[in-house]
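This report concerns only the one structure given below.
Each reported figure results from applying straightforward, stated rules to the coordinates on display, with no laboratory input. These numbers come from a predicted model, not from an experiment. Please note: Cβ atoms are built from the backbone with ideal geometry, for glycine as well, and neighbour counts cover all protein chains shown.
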Amino acid sequence: MSENEAGVGNAEGAGRVAALEKAAVLDRFARHVNPQKVRVLKAAGLDILESRREGAWVYDSEGRKLLDCFTSAGSFNVGRRHPRVVEALKEAAERLDHGNFLLLSREKADLAAKLAEIAPGDLSCVMFGTGGGEAVDFALKLARGSSGRPKIVHTVNGYHGHTGFALSAAGRDAFKSAFEPLMPAFVRVEFGDLDVAETAIDDATAAMIVEPIQGEGGVRVPPPGYIQGLRKACDEHGALLILDEIQTGFGRTGRWFASEHEGVVPDIMTVAKSLGGSLVSISATIFTEELREFLIPNPFIHLSTFGGSDLACAVAMTVINVIEDEQLVANAARMGDLLHAGLEEVKARYPDTVLEVRGRGLMTGIKLSDDSMGPRLSFNLADHGILAIYSGNEPSVMRIMPSLVVGAEEIGYVVEGLSAAMADMLAGKGPAIEASRRERRRPARP
């Protein structure tokens, strides 16, 4: 046997081993976590097991290198396993743990002060949590508790998490119908329609909660003046404006926070996802000093055992420092311009399929002509080395949200891969056919 033949044989053997190991993992996941999730992802060709993670890239268990353009719905703004963030976690683990949540904490105090420094306007007080839903829960509790009013206005296809108060503000019935009755006095209005929102916001309204750009709703940017109009309507009725910046925050749109594009300061802002630097779970609800008055007689009205743990706060502080030191907000704006230009080129190449290019900065999406194209395009993008997943509430929109550390060469890689994936999709290559072929080729399990 020649060296080349031996090398091919070794590679094929390693591939068979990797395939068997992956099949075993999927079987355990289906058996003990969620069988339907495995079925859906396999059908879409997205049964990817992440292995090595580095910067803007991820490798799957079978050795494929993919540019991560999903980034766990915008959670990895500083990339995967940024060296400084990894080192911060290691250093923190040498001297800290979660901390006692009932005691005072230097790490909490320092991070809260830093968040107040970078937040818009007079947002200066912080309540920490572990995830976005928890941050939204507290935001809505604070709005009702401080105002003494019941009504919450939210939007169609808005997404704020799956916990109690947050689930009540879900903009899609499929997420919540099985659990009704939920919290009362939640009123849903069309996103981007200021006239409808102005009618819904009245003297019984505690708050309007809205994403400055809808994420799961299909990377929808509201029309000019919409966010300013909501601010004005809330002010006129003494209601609070809550901006959910969980996907849009920390530079994603080319500003620290998407509200800055509109020159609007909310009363309450929620952040999470990328604050943890891909390594820890942390969220924060940031609000005005005036609203903090509600907590003075109620200092223990909202508690989170692991919210803003000392470990997580130390890591999050480094995440913010990395964004500042590496000028990732400005990079997101520059690379976003390049990406938008490239996506417009793809739209011009496929005008009957790509109906619209959406977004700001590195929060972008393309609106396709049919809902079925989202899953099919995800499959074909993976074939071309790009991990991207369509919007949960609008599957005809493919999200392209790479880490903010990407450069011009990587943006070119995305545009070229997207164009090739579109051609494959339109030629009929798709998940149902390919999944069947892979099943036939898969080695028999021992």
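Would region 72-153 count as rounded, prolate or oblate if I go by the C-alpha gyration tensor, calling it rounded below 1.5 in a/c and otherwise prolate when a/b exceeds b/c, oblate otherwise?
Prolate is the answer for region 72-153, as a/c is 1.5 or above and a/b outweighs b/c.
Let me check I've understood the local charge: for Arg252, count other residues with C-beta under 10 angstrom from its C-beta, Lys and Arg +1, Asp and Glu -1. What total comes out?
Computed value for this residue: +2.
Using a Förster distance of 22 angstrom, determine the FRET efficiency expected from the C-beta separation of Arg28 and Leu303, and round it to 0.05.
E(calc), rounded to 0.05, equals 0.05.
Could you give the nm distance between label points at Glu260 and Lys65, where each point is 7 Å from its Cα heading toward the beta carbon?
For the pair Glu260/Lys65, the computed spacing is 3.3 nm.
Quick one: grab the alpha carbon gyration tensor of region 148-218, order the square roots of its eigenvalues as a ≥ b ≥ c, and give me rounded if a/c is under 1.5, else prolate or oblate depending on whether a/b is larger than b/c.
It comes out oblate by the Cα gyration axes.
Less than 12 Å from a label point 7 Å out along the Cα-to-Cβ axis of Ala185: which backbone N atoms in region 151-173 qualify, by residue?
The answer is 151-153.
Based only on other Cβ atoms within 10 Å, what is the fewest-to-most ordering of Cys125, Cys69?
By the 10 Å Cβ count, ascending: Cys125, Cys69.
Sort the following peptides by mean Cβ neighbour count (other Cβ atoms within 10 Å, averaged over residues), highest first: 356-363, 260-267.
Result, highest mean first: 356-363, 260-267.
List every DSSP H helix in the chain whose Cα atoms extend 20 Å or more along the helix's own long axis and whose mean Kyte-Doolittle hydropathy is at least -1.0.
For the chain, where a helix must reach 20 Å along its axis and average at least -1.0, the hits are 3-32, 132-147, 310-325, 328-349, 408-426.
What is the order of Thr318, Thr270, Thr288, fewest Cβ neighbours within 10 Å to most?
Thr288, Thr318, Thr270
Which order do His340, His160, His154, His82 fall in if you start with the one that has the fewest other Cβ atoms within 10 Å?
Listed from fewest to most nearby Cβ atoms, that is His340, His82, His154, His160.
Starting from the Cα gyration tensor of region 83-324, take the square roots of the eigenvalues, sort them a ≥ b ≥ c, and report rounded, prolate or oblate (rounded when a/c is under 1.5, otherwise prolate if a/b is larger than b/c, else oblate).
Because a/c hits 1.5 or more and a/b exceeds b/c, region 83-324 counts as prolate.
Quick one: if you stick a label point 7 Å off each Cα along the C-beta vector at Leu103 and Asp193, how many nm between them?
Label-label distance for Leu103 and Asp193, simple model: 5.4 nm.
For a protection proxy built on the mean count of beta-carbon atoms within 10 angstrom, sort 303-314, 50-61, 219-230 highest first, please.
303-314, 219-230, 50-61
Taking a point 7 angstrom from the Cα of Arg84 along the C-beta vector, which residues in region 251-289 have backbone N less than 15 Å away?
Backbone N within reach: 251, 275-278.
Below 8 Å between Cα atoms, with a sequence gap of 6+, how large is the relative contact order for the chain in percent?
Computed value for the chain: 21 percent relative contact order.
Please compute the length gained on full extension between Glu324 and Ser51, using 0.36 nm multiplied by the number of residues separating them and subtracting their Cα-Cα distance.
95.4 nm
Working out 0.36 nm times the residue gap between Glu344 and Asp203, then minus their Cα-Cα distance, what length gain in nm do you get to one decimal?
Fully extending the segment from Glu344 to Asp203 adds 46.4 nm.
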